[in-house]
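The values are calculated or read from the model by the stated rules, or taken from the named source; none is laboratory data. Note that the structure is predicted; figures quoted are calculated from it, not measured. So basically every Cβ, Gly included, is an ideal-geometry build from the backbone, and we count neighbours across all protein chains shown.
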Amino acid sequence: MMLEFLALGALLATLASLPRLILGPRPADRIAAAQLAGTGTIATIILLGAATGTPALYDMALVFAALAAVTGLAFVALGGRSS
Amino acid sequence: MSLVATLLGTAMIAAGVGFLLFAALGLWRLPDTLSRLHALTKADTAGLALVALGAACLSDTPAALLPLGLCALLVAVSGATIGHLIARRLMRRPAA
Amino acid sequence: MSPVVLFDAALALGVLGCAALALTLRDRTGTVAAFMLTGLLVALSWLRLGAPDVALAEAAIGAGLTGALFLRGARRLGPLRARPPAPAQAAAAALGAAVLSAALLWAFATAPAESLYPPRVAAALEDSGVSNPVTAVLLNFRAWDTLLEIAVLVVALLLVMTLSPPRVIPDKLGALVQPFARIVVPVAVLVAGHLLWQGAEAPGGAFQAGAVLAGAGLALVLGGVRVDRRVLRRALTALALAGLAVFTLAALASQAVTGALLGYPDGQAKAWIIAIEGALTLSIAATLCLLFTGYGRRSAR
Amino acid sequence: MVTETSLLVTLPFLAALAAAAAPRAAATLGMAATLANAGFAALLARALLADGARETSLGGWEAPLGITLRADGLAALMIGMTALVGSAVALQAMGRPAPGRPAPAGGFWPLWLATLGAMNALFLSDDLFNLYVTFEILGLSAVGLTALTGSRRALRAAFDYLSAGLAGSLLLLLGVALAYAEAGRVDLAAVPALVETMRGRIALALVLAGLAVKAALFPLHFWMPAAHANAAPPASALLSALVVKTALYVALRLSLEGGAGIAPARAALAVAGSGAMLWGAWNALRAERLKLLVAHSTVAQIGLIALALGVAGNPADSTLWQAAALLMLSHALAKAAMFLAAGRIAEELGHDRISGLNRTELRPGAAEFAFAIAAVSLIGLPPTAGFVGKWVLIEGLIAREAWIWVALVMTGTVLSAAYLSRVVSRCLRGGPHVAPGARRPAWHMGDVAALGLAVGALALGLASALPFALLETTLT
Amino acid sequence: MTPDLIYPAAGAGLIGLALWRLATCGDTLRRIMALNVLAVGIAMLMLAAGRETLMLAAGRETSTLAAGRDTLTRAAGQDTPQTAGAGFLQAAADPVPQAFVLTGIVVLVAVTAALMALAERLGARDGD
């Protein structure tokens, strides 16, 4: 039962990055918020895997991690006004 | 599965989720961008590593260690690098 | 209220909130960030709805690649140019949309939903050659849909070739990008291979593997590898077109052998499916990369 | 053994890939593939006339799990129409340099072959989700054809076309999702089950709304005139004559499957059709540019066909729907001829303003002649195929004393005569109206294609027994 | 809100949101994003309907559930799903709508790439 609450906590941590995404005066803040949300999603998947005892979700968390890396790179290279 | 492993795993996961929540709070409340980046990279490295380690403890098959370990390593590396790239970009063009 | 229901409610509200943000924020980077977050949260809800294969594809294509396309477009199209609509029109549109979505919710919630497919899929799973039912449906039972879907990708590539919008040059990212790419790209290629291979038994398959491979390609392009050399682009285009050619020729060959278009000879179904999926993975990765980098000769800021 | 149905759906895609891979040989490859496809279409029609309709389930999996390709009279007629019009337009495209900049691998031929493959797959498909995917291929390749010229107006029209097409496809997908939730299956055999319940009818209404957007039927047609008028002549001929027909074909197929239960949808189609006829005619009367006039006449003719579909009533007891099928066929031939001729006229005169058509130092050439014959078929004067279609339609309506619809069809005919005569009257110059030294424009491949199609519309009127015989083998 | 009404409500909400935005905004990028949100909403409605089927089947414990086993557990080589937290566990959804949504996602990215190419060519025309 404890793991379900922790999974809920991880999801809330992901959603907690939204205020900075809305307010963030500069694109850099919004990119940071997006990066934190990505990490929060990966943590949620790991917790779903732990709660249901299905290790296949751990492979999925690895795929999400690879995609979050690429997405982060895309944001830094293309976000905001061009240099 | 021994009770100790379960307790240890759950405690680590709780600590990891705590890190994530604190990072989100830091991201929201800290005054300027650079300090917010500081909070962000903590969640990427410590928070997720703890969650992955706890999950590894809870799972009874050792096969789950590889993806979790690789995932924690990848997120730590990408978190640190992207934090650096954001800061570098901020330094060169304060507005963007 | 058990934590699972709380989790679902928080996830659903998160998806709606992020989608609303993506559609209303005035800052371009903010809208694309919110759109990507919507994609990630929707991938989580696919997991909760028991669809892991779709969750992978949504994260890789829906959040990752579409987000990168929007980032490139936001840079080219510049700041938001939209005059706010008249309040009366906005209110009318909001009312109409609310009524329509309520009607849709009623229609879908009260629908009997006794699908004919699960028993048939379960019965036919044994001689479909794979044990993951989604891959069986995609590559065997309804392989014709998948073939036409690859044709959609190829036609989109032809359209981008014909239009060849001006290329967007990513910002210079400094010295740390090379070592980072040297870690991310091999891991992504490894993960893509793993996804492709386990697609027959567990969540994965050609589309997810191709999308992750395209992600690796994107990391190289954003890391500063120049793609506009003619030879590389011509090779990637040939690879992109090869996927549909292999699938169509395999379909015709299977008809020559068994008399039914896309009817794999029984006993060898798994071999045919793995071969087709391998070709599709490479061709989808090449197509998605080319759709992002484009063909423009004139580079533009 | 590879059958012609599977070749019809796979050969065009393989040819498109080959044309994209070898841009220099694209024209010869494209022409060869188009002619081969026409050959297979003829083979299919002959096989159907010999031993009736046949259904092949793909991969050996029976419906509803697998997808079945249904080759019956209606599908064969549509595939034959696509092959005929496609060959003529390909002939015309061979004659002039490929429109638009010589793109590295893109260009007219791969997009046309992808359109051909998508249309063959669509006409043979027997599954709603499969139709959604084929509509996507068709939408993308048609937008490619529209944007070929690269002019600013064409790009703007192509963008509006693609976003309208995507919105229509998503409506169709929503209908498929509701059909799945309601009947638990998505192949066309589910339509009779869907018609009974309220949710099923909502699902079909969503599907028909998506089709209406894709067919540019009256209230949802705003994206179409700009797209068809600003495309290159061969592209606009394909768009107007063939691509908008696919959605009407699927609506006809749904009406055949739905039978009596889908009457409200048919009534809506009829009302929208009559509105389209009047609106299209009104805009055509006011159009300044020749291509815009022909595009608006497409809106009107689509309205006529939708009206014929709507008033056809339950297919079980009346064969009036065959009139709608024949009207589709005759409109395809006539409209393709008209757009090719309009393109040739614009080339000869250097502009396509209707007011400037009767230049005194230029005698009317073959293009004006083809335009006139196509106009005759569109208006529906004997002995063209348009006349036969309208005759069967009005005969059926009179038998049912549906006087309002008869009056509407008549006003549609009169209006089409009005706006087409604006052009034809200016084309028939000669004798005193032309300066003594006026030259006659030289022959061109485009004229051959336009004349061929216009004469085809005429010949089809005389030999209209063949299409009706083919339509008899349709599975209802 | 009963649990199996949450996701259809989210799907319908997404569709309403997208239609409202399509009706009130003219900016090209925002319209393309709204069309993407619309497609995600439709996919959510379809998958939620797909999951309901297995829920009903689970209630009746027919052979469907036994045959369409939870791919997640079987993939990990375990035969019986762990009983650690039964809360999050659910039977695998009906595979055919999963295939539809997968095909829909790939088709959507192709059309979005085409729309972006057209918008950029138009945008480029203004810029240059």
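Key figures
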{"read-out": "Some residue of the stretch C:256-265 being touching a helix residue (DSSP H, G or I) at 6+ places or on another chain (Cβ under 9 Å) and assigned to a helix (DSSP H, G or I)", "value": "yes"}
{"read-out": "Unmet criterion (only one of (1) closer than 20 Å to residue D:473 by Cβ; (2) more than 21 Å from the chain's Cα centre (by Cα); (3) more than 14 Å from chain C (Cβ to nearest Cβ); (4) small (Gly, Ala, Ser)) for residue D:57", "value": "(3)"}
{"read-out": "Given (1) surrounded by fewer than 23 Cβ atoms within 10 Å (Cβ to Cβ); (2) touching a residue at least 12 places away in the same chain (Cβ under 8 Å); (3) not basic (Lys, Arg), number of the condition residue D:157 does not satisfy", "value": "(1)"}
{"read-out": "Per-region count, the stretch C:10-26, residues more than 7 Å from chain E (Cβ to nearest Cβ) and either closer than 22 Å to residue C:208 by Cβ or surrounded by fewer than 24 Cβ atoms within 10 Å (Cβ to Cβ) (or both)", "value": "8"}
{"read-out": "Number of the condition not met by residue C:224 [criteria: (1) within 18 Å of residue C:54 (Cβ to Cβ); (2) touching a residue at least 40 places away in the same chain (Cβ under 8 Å); (3) surrounded by fewer than 23 Cβ atoms within 10 Å (Cβ to Cβ)]", "value": "(1)"}
{"read-out": "Residue check for residue B:35: among the hydroxyl-bearing types (Ser, Thr, Tyr), over 16 Å from residue A:42 (Cβ atoms), free of Cβ contacts under 8 Å to residues at least 12 places away in the same chain and more than 7 Å from chain A (Cβ to nearest Cβ)", "value": "yes"}
{"read-out": "Hits in the stretch C:73-101 (condition: over 27 Å from the mean Cα position of the chain (by Cα), part of a helix (DSSP H, G or I) and at the interface with another protein chain (Cβ under 7 Å from one of its Cβ atoms))", "value": "C:89, C:90, C:93, C:94, C:97, C:98, C:100"}
{"read-out": "Residue list for the stretch C:167-203, restricted to those being within 14 Å of chain E (Cβ to nearest Cβ) and either surrounded by fewer than 19 Cβ atoms within 10 Å (Cβ to Cβ) or in a helix (DSSP H, G or I) (or both)", "value": "C:167, C:169, C:194, C:195, C:197, C:198, C:201"}
{"read-out": "All positions within the stretch B:45-96 that are among the hydroxyl-bearing types (Ser, Thr, Tyr), closer than 22 Å to residue A:50 by Cβ and free of Cβ contacts under 8 Å to residues at least 12 places away in the same chain", "value": "B:59, B:61"}
{"read-out": "Candidate set from the stretch C:129-161 (those that are crowded, with 24+ Cβ neighbours inside 10 Å and of a type in the set (Ser, Thr, Tyr)); member that is nearest to the other protein chains (Cβ to nearest Cβ)", "value": "C:146"}
{"read-out": "Single match in D:314, D:283 (criterion: over 21 Å from residue D:81 (Cα atoms), of a type outside the set (Ser, Thr, Tyr) and assigned to a loop (DSSP other than H, G, I, E, B))", "value": "D:314"}
{"read-out": "Selection count where residues are modelled with pLDDT under 70 and under 30 Å from residue C:156 (Cα atoms), scope the stretch E:74-128", "value": "5"}
{"read-out": "Qualifying residue in the stretch C:252-268 (condition: within 24 Å of the chain's Cα centre (by Cα) and modelled with pLDDT of 90 or more)", "value": "no"}
{"read-out": "Test for residue D:167: is it closer than 30 Å to residue D:192 by Cβ, part of a helix (DSSP H, G or I) and more than 11 Å from chain C (Cβ to nearest Cβ)", "value": "yes"}
{"read-out": "Candidate set from the stretch B:10-28 (those that are among the small types (Gly, Ala, Ser) and over 11 Å from the mean Cα position of the chain (by Cα)); member that is farthest from residue A:47 (Cα to Cα)", "value": "B:26"}
{"read-out": "One residue from D:285, D:278, D:290 being buried (at least 24 other Cβ atoms within 10 Å of the Cβ) and of a type in the set (A, V, I, L, M, F, W, C)", "value": "D:290"}
{"read-out": "Residue ID - farthest from the other protein chains (Cβ to nearest Cβ), chosen from residues in the stretch C:27-72 that are buried (at least 23 other Cβ atoms within 10 Å of the Cβ), farther than 30 Å from residue C:5 by Cα and more than 18 Å from the chain's Cα centre (by Cα)", "value": "C:28"}
{"read-out": "Number of positions in the stretch A:16-45 that are free of Cβ contacts under 8 Å to residues at least 24 places away in the same chain, part of a helix (DSSP H, G or I) and within 19 Å of residue C:20 (Cα to Cα)", "value": "8"}
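A quick yes/no check of all residues on (1) of a type in the set (A, V, I, L, M, F, W, C); (2) surrounded by fewer than 24 Cβ atoms within 10 Å (Cβ to Cβ); (3) at positive phi:
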site: D:183; (1), (2), (3): yes, no, no
site: D:193; (1), (2), (3): yes, yes, no
site: D:197; (1), (2), (3): no, yes, no
site: D:219; (1), (2), (3): no, yes, no
site: D:241; (1), (2), (3): yes, no, no
